[in-house]
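Single-structure report; data block below.
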Amino acid sequence: MHYMALDKSKQAEIENLFSSVFTVSEGEEEGRSIGRLASALSKNIDGQEIICFGAYDGESLIGAIFFTLLEYNIPAQIFLLSPTVLKDILSLFISCSQISASGRKQTFSIIYLTLIF
């Protein structure tokens with residue numbers, strides 16, 4: 001498994017991942033809605049306010065996470081975290097990962113619970 005920063009060129013791949021994951025868990029209509037939302041976010045990935053990382057197993061995108069900058073009147077950068085991962089490989093994710101985008105000064109530390117359905 002390898003991780004990489006995703007850009008606008010991965011829009012269709014990201015949309016398909018989010019659509020398929022949410023169709024399985026929430027139903028076809030919700031899957032389409034979430035897929036459209038992921039597509040809109042993907043179209044606007046800029047590496048500053050909308051950032052996306054993907055997890056690949058070989059050539060297959062098996063997980064993705066968006067960081068969307070939220071603005072508050074406090075001196076901190078706050079990002080909304082929007083992850084998805086294929087249900088059948090969910091247990092493969094480790095509980096803590098560090099992902100850094102090439103050329104960026106920041107490293108995102110991500111801690112999450114692994115859920116097995």
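At-a-glance table
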| item | result |
| --- | --- |
| Hits in region 31-55 (condition: under 24 Å from residue 1 (Cα atoms) and part of a loop (DSSP other than H, G, I, E, B)) | 45, 47 |
| Within region 13-63, tally of residues that are in contact (Cβ under 8 Å) with a residue 40 or more places away in the chain, charged (D, E, K, R) and touching a strand residue (DSSP E or B) at 6+ places or on another chain (Cβ under 8 Å) | 1 |
| Positions within region 61-76 being surrounded by 13 or more Cβ atoms within 10 Å (Cβ to Cβ) and not aromatic (Phe, Trp, Tyr), in sequence order | 61, 62, 63, 64, 65, 68, 69 |
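A short reminder: the numbers here are calculations on the coordinates, not readings from a lab. Quick caveat: nothing in here was measured; it's all calculated off a predicted structure. Using ideal geometry, Cβ is built from the backbone for each residue, glycine included, and neighbour counts are taken over all protein chains shown.
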